[in-house]
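Worksheet: one structure, shown below.
The values are calculated or read from the model by the stated rules, or taken from the named source; none is laboratory data. Just so you know, these numbers come straight off a predicted model, no measurement behind them. Every residue, glycine as well, gets a Cβ built from its backbone with ideal geometry; the counts of neighbours run over all protein chains shown.
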Amino acid sequence: MKLKSITLGALVALATSSAWAEEFRCTGSVGAVALDNIFVPDGASCTLDRTRANGSIVVGTGASLVARSVSINGNLQAEGARAVSVLGHSTFGGSVQLVQGNSATIERARIKGDILFDENTGPLAASGNTVGGNVQAFKNFGGVTLRNNRIGGNLQCKENIPAPTGGGNQASSKEDQCERL
């Protein structure tokens, strides 16, 4: 009986340590390593440089992320983030969703899914990206610049103040405020 309780305790400890190993909490700089999921805690700053992740990146409220030449199998999700920058030929197997935050820049990235800018207050820019899905900008108030993106789906912009600027975008269709970009 005692052996079973020790085994059960060991299993609980193993399960707990495995759960922690799946999410890396980034509060500084990370280089060329492979991780599972990456979480930037509320108010923290994280810099990823040539980092790979088998999962996704989640950026907390008031947090900042700079990602240079990263390879992420999943998504980048930020809600209420202070600033997000994706630079230098980064790749995402999923989507990039930036909601109710401040500023963001996405340059020269390859994104299999979508880019979504929704209800952000600071300047936003997407330039030189290859996007397999849609690029959408809704209800942003700090200015949106969309330039030279290759978009497999639709480019759609609604209710942004001021209206988005840019040009040279290739998309299956361009709608609303983005119809001339």
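Taking the stated definitions as given, is Gln97 over 13 Å from the mean Cα position of the chain (by Cα) and under 30 Å from Asp36 (Cα atoms)?
Numbers: over 13 Å from the mean Cα position of the chain (by Cα): no; under 30 Å from Asp36 (Cα atoms): yes.
Criteria not met by Gln97.
One line per residue, one yes/no per condition, for (1) crowded, with 18+ Cβ neighbours inside 10 Å; (2) under 18 Å from Leu76 (Cβ atoms):
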{"residue": "Gly128", "(1), (2)": "no, yes"}
{"residue": "Gly132", "(1), (2)": "no, yes"}
{"residue": "Val135", "(1), (2)": "yes, yes"}
{"residue": "Phe138", "(1), (2)": "yes, yes"}
{"residue": "Gly142", "(1), (2)": "no, no"}
{"residue": "Asn148", "(1), (2)": "no, no"}
{"residue": "Glu159", "(1), (2)": "no, no"}
{"residue": "Thr165", "(1), (2)": "no, no"}
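Just give me the residues in the stretch 68-97 being small (Gly, Ala, Ser) and either buried (at least 24 other Cβ atoms within 10 Å of the Cβ) or outside any strand (DSSP E or B) (or both), in sequence order.
Of all residues in the stretch 68-97, those small (Gly, Ala, Ser) come to 69, 71, 74, 78, 80-81, 83, 85, 88, 90, 93-95.
Hits for the stretch 68-97 are Ser69, Gly74, Ala78, Gly80, Ala81, Gly88, Ser90, Gly93, Gly94, Ser95.
Determine whether the stretch 39-52 contains at least one residue that is under 15 Å from Ser95 (Cα atoms) and assigned to a strand (DSSP E or B).
No, that holds for no residue.
Within the stretch 132-181, take every residue that is among the aliphatic types (A, V, I, L, M) and closer than 19 Å to Glu107 by Cα and give me the one that is farthest from the chain's Cα centre (by Cα).
Going through the qualifying residues, I end up with Leu181.
Asp118 - would you say it is surrounded by fewer than 20 Cβ atoms within 10 Å (Cβ to Cβ), among the acidic types (Asp, Glu) and either more than 19 Å from the chain's Cα centre (by Cα) or at pLDDT below 95 (or both)? Step through it out loud before you land on a result.
On the way: surrounded by fewer than 20 Cβ atoms within 10 Å (Cβ to Cβ): yes; among the acidic types (Asp, Glu): yes; either more than 19 Å from the chain's Cα centre (by Cα) or at pLDDT below 95 (or both): no.
Answer is no for this residue.
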